[in-house]
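See below for the structure under consideration.
The values are calculated or read from the model by the stated rules, or taken from the named source; none is laboratory data. For clarity, every value in this text was computed on a predicted model and none was experimentally measured. Methodologically, a virtual Cβ is constructed for each residue, glycine included, from the backbone with ideal geometry; neighbour enumeration extends over all protein chains shown. When the accessible area is computed, the model is the full protein with side chains, heavy atoms only, and any ligands, DNA or RNA have been set aside. Shrake-Rupley method; radii C 1.70, N 1.55, O 1.52, S 1.80 Å.
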Amino acid sequence: MASRKNKMIDLESDTKSLPTAAMKQYMMDAPLGDEQYDEDTTTLELCKRVSTLLGKEAGIFLPSGTMCNEIAIGIHCQPGDEIICHRTAHIVEFEAAGLSAISGAMVRLLDGDDGMFTADQVREAIRPKWRYAPNSRLLCIEQTANLGGGVVWPLNTLQEVTDVAREAGLATHMDGARLFNAVVASGVPAAEYAGLVDSVWIDLTKGLGAPIGAVLCGSADFIEKAWRLKQRFGGAMRQSGIVAAAGIYALEHNIDRLADDHRNAQLLAEGLATIPGVIMKSTNVHTNMVFIRVQDKDGKPAAAQFEKTLRDHGVKASAIDEETVRFVTCLNVNVEDIGTAILAVTKTMTSILGA
Ligand SMILES: *Cc1c(COP(=O)(O)O)cnc(C)c1O
């Protein structure tokens with residue numbers, strides 16, 4: 001085992017959050033049964049708690065957030081339907097084209113700063129009912145917007161975009177992988193955001209720190225349909241309570257502490273902003289992510305070189321395109337680590353600019 005002094009500081013993703021000893025103990029003690037017989041009381045309890053927090057009738061425990069998105073899309077869309085979402089949405093970038101491969105849907109991509117768009121853009125994107133056109137069917141939004149920089153959609157903007165969709169007869173879906181980061185950052189209760197959409201899910205494995213799982217919520221009818229797809233995709237489990245317990249533990253212990261991650265991200269951004277050669281994408285850190293742009297001394301994009309050199313200095317971050325690097329804080333990282341990471345970035349930039 002690496003000594004703590006030499007540990008790698010991992011700012012690549014909040015998915016790296018590890019279950020704590022207390023969380024693992026809670027998992028060991030959880031009552032278990034067969035999930036598919038509705039006998040796993042721990043899983044049932046988790047679903048009830050999340051659906052209550054989100055103000056929805058019912059919830060379903062799934063192995064991943066990706067499966068939540070793909071099941072929701074599978075329920076809302078028929079082949080030939082069109083999904084309206086931001087160009088950088090997770091369903092577009094990171095789900096192996098599931099929306100088309102599984103559900104036969106296509107996408108209408110919207111531009112917009114910080115992973116967000118406006119009600120007018122949605123209005124323009126909705127197609128008239130016409131023999132030739134795809135059928136506009138579903139609006140998807142991410143709260144927080146991941147590649148947008150972990151940005152929190154303001155409640156009123158969300159209200160406006162979902163109103164336009166609903167009035168045109170579209171369904172609405174929220175990818176709430178980091179919904180609780182938005183809740184902690186804004187003070188707006190989760191149910192207020194979730195109340196604007198037909199379906200919504202939260203990831204237990206990002207900042208919340210559980211090892212596996214996500215919970216998808218909606219009406220009772222929607223969740224009944226979700227169960228059919230869960231079964232079909234092979235996502236129905238047995239003694240799932242052993243991992244669902246980690247989710248319950250996370251809801252009880254790891255929501256409020258997301259504020260620490262947000263403070264650490266803010267400190268990181270303030271430190272990075274002073275380093276020569278680092279271009280801040282935004283000095284306004286909303287939640288637990290910081291995006292920077294890096295160039296070499298000739299002004300060429302240098303994200304890959306930055307990522308590699310930074311790793312040699314003991315810090316992981318991720319190059320998300322040729323020029324952009326993303327840092328994400330989570331419970332693995334404390335305030336001292338942030339100081340160490342800033343020093344490592346300083347050394348990295350010195351080496352990149354000197355090269
Ligand atoms: C991580 C993430 C997902 C997918 O969740 P997994 O649990 O990794 O499958 C979906 N959407 C967003 C915005 C994410 O950040």
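For R108, the requirement of being under 20 Å from K225 (Cβ atoms), assigned to a strand (DSSP E or B), away from the ligand (no atom under 16 Å from the Cβ) and not hydroxyl-bearing (S, T, Y) is not met.
Scanning the stretch 83-102 for residues that are open to solvent by less than 60 Å² (accessible area, probe 1.4 Å) and within 16 Å of the ligand (Cβ to nearest atom) returns I83, C85, H86, T88, A89, H90, I91, V92, E95, A97, G98, L99.
Filter the stretch 23-61 down to the residues that are open to solvent by 70 Å² or more (accessible area, probe 1.4 Å) and out of contact with any Gly (no Cβ under 8 Å at 6 or more places or on another chain) and list them by number. Within the stretch 23-61, K24, Q25, Y26, M28, D29, Y37, D38, L44, E45, R49, T52, L53 qualify. When Q231, Q266, Q239 are checked against the criterion of being more than 22 Å from F327 (Cβ to Cβ), open to solvent by 10 Å² or more (accessible area, probe 1.4 Å), outside any loop (DSSP other than H, G, I, E, B) and of a type in the set (S, T, N, Q), Q231 stands alone in meeting it. Among the residues that make up the stretch 319-327, is at least one of them in a loop (DSSP other than H, G, I, E, B), surrounded by fewer than 19 Cβ atoms within 10 Å (Cβ to Cβ) and more than 24 Å from the chain's Cα centre (by Cα)? Taking every residue of the stretch 319-327 in turn, none turns out to be in a loop (DSSP other than H, G, I, E, B), surrounded by fewer than 19 Cβ atoms within 10 Å (Cβ to Cβ) and more than 24 Å from the chain's Cα centre (by Cα). The residues in the stretch 252-261 that are open to solvent by 20 Å² or more (accessible area, probe 1.4 Å) and not in a loop (DSSP other than H, G, I, E, B) can be counted, and the count is 4. A single member of G55, G59, G80 is touching a strand residue (DSSP E or B) at 6+ places or on another chain (Cβ under 7 Å) and more than 16 Å from the ligand (Cβ to nearest atom), and it is G80.
When the stretch 223-255 is limited to residues that are aromatic (F, W, Y) and under 22 Å from the mean Cα position of the chain (by Cα), the one that is nearest to L32 (Cα to Cα) turns out to be Y249. Residue by residue through the stretch 15-47, note down the ones that are within 30 Å of E224 (Cβ to Cβ) and among the charged types (D, E, K, R). If the condition is that a residue be within 30 Å of E224 (Cβ to Cβ) and among the charged types (D, E, K, R), then D34, E35, D38, E39, D40, E45 are the ones that fit. Give the stretch 150-161 a look and list any residue that's crowded, with 24+ Cβ neighbours inside 10 Å and either in a loop (DSSP other than H, G, I, E, B) or more than 16 Å from the ligand (Cβ to nearest atom) (or both), or say none. Hits for the stretch 150-161 are G150, V152, W153, V161.
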